[in-house]
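The values are calculated or read from the model by the stated rules, or taken from the named source; none is laboratory data. Note that the coordinates shown come from a computational prediction; the quantities given were computed from them, not determined experimentally. Cβ: placed from backbone, ideal geometry, glycine included. Neighbour counts: every protein chain shown. Keep in mind that these areas ignore ligands, DNA and RNA; they rest on the heavy atoms of the full protein, side chains included. Shrake-Rupley method; radii C 1.70, N 1.55, O 1.52, S 1.80 Å.
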Amino acid sequence: MLDILIINAKLLWAVSGKKSLSCVGIAKGKIQCVLPCSVKARKNLPTARKILDAGGNYLFPGFIDFHTHLFRHGSQFGLDADKLPSSGVTAAIDMGSAGWVNFPAMYRCDLLGKKIRTGAFLNISPVGQPGRGITEPLDDAVVSADGIQQVLQEYPGAISGLKVRLSRNIVKDLGAKPLARAIELGDRFGLPVCVHTTDPPVPADEIAAALRPGDIYSHTYQGAGHTAADSEEVIRRMLDAQKRGVLIEVGNGTKNFSFRVAETCTGKGLYPDIISSDATPMSYQKGPAMWDLARVVSKFLFLGMPLADAIRSVTVTPAKLLGIDHEIGSIAPGYEADLAIFRMDNSEILFCDSDGNERTEKAGLIPLMTLRSGQVIWKSEDSGLMVTNQAPGSTE
């Protein structure tokens, strides 16, 4: 017998883009079956202890927010990971809030014991991103390969990559040297590198050219200083980098998204591989510039990104990069039942960028319910969704 059977769920197949009304059976925290949900088929559905009627709404794999900040006990930017299920998120990555000196504190205080899966990229600076006007040191005297190696050995599997912030106010006279150092360390430890690119000291395409396949160009659509939209040639080179495996990431935040840049880039076909929120306590559900991950996904639907591609960018692609695409990121038998139900809403939604420019759209993804290993961990008060003990045959 199944623990829970989700009926009347609209599934979107990430590869083909096709949609189907389906039923999804869950037992012991994993997906056991995916079946048609026609009236005829429902007469032969397996029995379940509980029934969840999705009401024809979308059922997606739980969203993976690839760029967040979760170090509540050591950084101004740290958000409680347990707030993220309200945006359909079932897994989140802290993107460089801690370095090798303070990673143990973040791991024990803010990554363990959460409702959702958590992971981290390690900042190459030993202290990470403390905030409060303190920028991380990045000179060779403090960046320690031995310190990073020690943490990797002490916390095997907990760190998925390395992070470096390449902004002029942070690197100062070092220019692009910290990026070269990060890539060197990435080569040494076999880890991808994520580079923060807001107001960088060198052109965007130069940064992209330095990255390896599997590395992440973050804040791609930011509008300060050198940007990805500086010229058609820069965009072409960014596209070339993407084609050879460099991952284009959003990292929306409140300061890292410009409609001018995004509309220019997407108009030339430079869409993101990974859509992410860059959520912090100052930004999460605080305003139209950055509400949550679901709203950022909706923003890229407004920019012309196909729904299947947008959903893949918060499910399959980050799961593959993290090496767990055999566990999460898809709805198929054997996968963890990390799931989220969304309504495609037709009311007007306001989007805003970092400079106060506004756009409106009459379609956006509204989170209704989030499940982790088959258990409901968040539900919207007005979702209309209920888990009942009703037998499948009596729902017709």
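Scanning the stretch 199-213 for residues that are under 23 Å from the mean Cα position of the chain (by Cα) and either open to solvent by 20 Å² or more (accessible area, probe 1.4 Å) or among the basic types (Lys, Arg) (or both) yields 199, 212, 213. On the given criteria, is residue 83 part of a loop (DSSP other than H, G, I, E, B), touching a residue at least 24 places away in the same chain (Cβ under 8 Å) and within 20 Å of the chain's Cα centre (by Cα)? Spelling it out, it is not the case that residue 83 is part of a loop (DSSP other than H, G, I, E, B), touching a residue at least 24 places away in the same chain (Cβ under 8 Å) and within 20 Å of the chain's Cα centre (by Cα). Taken as a whole, the structure places residue 22 among residues that are open to solvent by less than 10 Å² (accessible area, probe 1.4 Å), out of contact with any Asp or Glu (no Cβ under 7 Å at 6 or more places or on another chain) and without any contact (Cβ under 8 Å) to a residue 40 or more places away in the chain. Considering the stretch 168-195, and only residues there that are hydrophobic (A, V, I, L, M, F, W, C) and open to solvent by 30 Å² or more (accessible area, probe 1.4 Å), the residue that is farthest from residue 225 (Cα to Cα) turns out to be 189. The set of residues in the stretch 107-121 that are free of Cβ contacts under 8 Å to residues at least 60 places away in the same chain, under 23 Å from residue 314 (Cβ atoms) and of a type outside the set (Val, Ile, Thr) comprises 110, 111, 114, 120.
For the stretch 108-131, the set of residues classified as under 11 Å from residue 74 (Cα atoms) and either open to solvent by 10 Å² or more (accessible area, probe 1.4 Å) or in a loop (DSSP other than H, G, I, E, B) (or both) consists of 109, 127, 128, 129, 130, listed by residue number.
For residue 134, state whether it is open to solvent by 10 Å² or more (accessible area, probe 1.4 Å), among the hydrophobic types (A, V, I, L, M, F, W, C) and modelled with pLDDT under 95. Against the criterion (open to solvent by 10 Å² or more (accessible area, probe 1.4 Å), among the hydrophobic types (A, V, I, L, M, F, W, C) and modelled with pLDDT under 95), residue 134 qualifies. Here the stretch 355-379 is the region considered, the condition is being over 16 Å from residue 293 (Cα atoms) and part of a loop (DSSP other than H, G, I, E, B), and the residue that is modelled with the lowest pLDDT is 362. Any residue that is at pLDDT below 95, closer than 21 Å to residue 8 by Cβ and of a type outside the set (A, V, I, L, M) - is there at least one of those in the stretch 337-347? Within the stretch 337-347, one or more residues are at pLDDT below 95, closer than 21 Å to residue 8 by Cβ and of a type outside the set (A, V, I, L, M). Is it fair to say residue 307 is surrounded by fewer than 22 Cβ atoms within 10 Å (Cβ to Cβ), among the aliphatic types (A, V, I, L, M), over 16 Å from residue 216 (Cα atoms) and at pLDDT 95 or above? So residue 307 passes the test. Pairing each residue of the stretch 251-263 that is at negative phi with any residue that is in a helix (DSSP H, G or I) and of a type outside the set (Asp, Glu), provided the two are 6+ apart or on different chains, yields C-beta distances under 7 Å for 252/296.
Scanning the stretch 258-294 for residues that are among the aromatic types (Phe, Trp, Tyr), open to solvent by 10 Å² or more (accessible area, probe 1.4 Å) and either in a helix (DSSP H, G or I) or within 18 Å of residue 241 (Cβ to Cβ) (or both) yields a single hit, 271.
With respect to (1) surrounded by fewer than 23 Cβ atoms within 10 Å (Cβ to Cβ); (2) in contact (Cβ under 8 Å) with a residue 24 or more places away in the chain; (3) not small (Gly, Ala, Ser), the lone exception for residue 338 is condition (1).
Can you pull out the residues in the stretch 45-60 that are farther than 11 Å from residue 387 by Cα, of a type outside the set (Gly, Ala, Ser) and open to solvent by less than 50 Å² (accessible area, probe 1.4 Å)?
45, 46, 57, 58, 59, 60
Applying the criterion of at least 3 residues that are modelled with pLDDT of 95 or more and under 20 Å from residue 270 (Cβ atoms) to the helices (runs of 4 or more DSSP H) found wholly in the stretch 156-232 leaves 204-210. Out of all the residues in the stretch 90-100, is one or more over 20 Å from the mean Cα position of the chain (by Cα), more than 23 Å from residue 277 (Cα to Cα) and either among the small types (Gly, Ala, Ser) or part of a strand (DSSP E or B) (or both)? For the stretch 90-100, residues over 20 Å from the mean Cα position of the chain (by Cα), more than 23 Å from residue 277 (Cα to Cα) and either among the small types (Gly, Ala, Ser) or part of a strand (DSSP E or B) (or both): absent. Candidates in the stretch 25-44 are the residues that are part of a strand (DSSP E or B) and open to solvent by less than 20 Å² (accessible area, probe 1.4 Å); of these, the one that is nearest to residue 92 (Cα to Cα) is 31. Only one of the numbered conditions (1) under 23 Å from residue 309 (Cβ atoms); (2) open to solvent by less than 20 Å² (accessible area, probe 1.4 Å); (3) free of Cβ contacts under 8 Å to residues at least 60 places away in the same chain is violated by residue 239, and that is (2).
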